1. Can you tell me the dipole magnitude for segment 78-206 around its Cα centre, using point charges on the Cβ only (Lys, Arg +1; Asp, Glu -1), in Debye to the nearest 20?
2. If you put +1 on each Lys and Arg Cβ and -1 on each Asp and Glu Cβ, how big is the dipole of the chain around its Cα centre, in Debye rounded to 20?
3. Of the residues 119, 196, 67, which exhibits the maximal mean-square fluctuation in a Gaussian network model of the chain defined by a 10 Å Cα contact cut-off?
4. So which trypsin sites (Lys or Arg not before Pro) in segment 81-169 end up in coil per DSSP with only 13 or fewer other C-beta atoms within 10 Å?
5. At a probe radius of 1.4 Å, what is the per-residue accessible area of residue 131, in Å² to the nearest 10?
6. With every protein chain left in place, what is the accessible area per residue of the chain in square angstrom, probe 1.4 Å?
7. Quick one: plug the Kirkwood hydrodynamic radius of segment 56-103 (C-alpha pairs) into Stokes-Einstein at 20 °C, 1.002 mPa s, and report D in µm²/s.
8. If you take the charge dipole of the chain about its Cα centre, with +1 on Lys and Arg Cβ and -1 on Asp and Glu Cβ, which of 56, 27, 107 is farthest toward its positive end?
Amino acid sequence: MKIAVLADIHANLEALRACLAHAAREGATQYVFLGDLVGYGADPVACLGLLADHAARGALLVRGNHDDAALGGLCETMNFVAREATYWTRAQLGGGERAFLAALPYTARRDDLLFVHADVNAPGKWNYITSSLQAGRCMDAAQATLTFAGHVHHPSLYFAAGSGVHHFQPVAGAPILLTGRRRWLAIGGSVGQPRDGNNAAAYALYDEEQRTLKYFRVPYDHLSAARKILAAGLPERLALRLHRGE
């Protein structure tokens, strides 16, 4: 089975559709969505409708901090742009969308795979994993051979071997063999708002039979997505980020 893992969609319908189409061409038969389904982008309702269809067909989904924020609260820890997008998103959601988000768990497990938006140690505190030390703690808490996380918006891969945790920068499209004697933490990057200087959408594909992981970058119509953001009256910076990949 090939599992497509998509994180940080952020209500970017164009990017989501492009990644789903790409994953289907690559032979994906299972889909996992790692939270931050909404926030920043202009199509929260359409994205949630598409994701609900996938959930009905067996896809796994977990909750992200922007999904949490869309359900209520003061958003004190968010910057101005994120807060504005959150308040706008709340106004778009109906009862069905809210119930869908509220039902999402913080983590999901499938055999020896663990899925989370941020850090398994405290998934509802939304800590970023940006170092080998943090990655090691996350893998220890996960108790899984392979953990998938999002939240960071930068593709990366960590592995624990012996007494150390090592960081690896994946190359898009190149298969990585995940040996059983190591524990792995894969961060696939963001579908809807990449921040590594590359504006192509990012996701990862895991082949269970071959035990290989591939990272992909998928060009999409970011101009249309950006125009929708501006038309909705959302902060201009959110549209510029789609152009720049930052």
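The values are calculated or read from the model by the stated rules, or taken from the named source; none is laboratory data. Here the structure is a predicted model, which means the values were calculated and not measured. Glycine also receives a Cβ, built like all others from the backbone with ideal geometry; neighbour counts cover every protein chain displayed. Please note that ligands, DNA and RNA were not included when accessible areas were found on the heavy atoms of the full protein model with its side chains. Shrake-Rupley method; radii C 1.70, N 1.55, O 1.52, S 1.80 Å.
1. Values: 11 positive and 7 negative charges, 29 e Å.
Value, rounded to 20: 140 debye.
2. About 240 debye.
3. 196
4. Numbers: sites: 83, 90, 98, 109, 110, 125, 137; in loops: 125.
Answer in residue order: 125.
5. Per-residue accessible area (residue 131): approximately 40 Å².
6. Numbers: 10190 Å² over 246 residues.
Ligands and nucleic acids excluded, the figure is 41 Å² per residue.
7. On the way: Rh = 11.6 Å.
Rounded, D is 185 µm²/s.
8. 27
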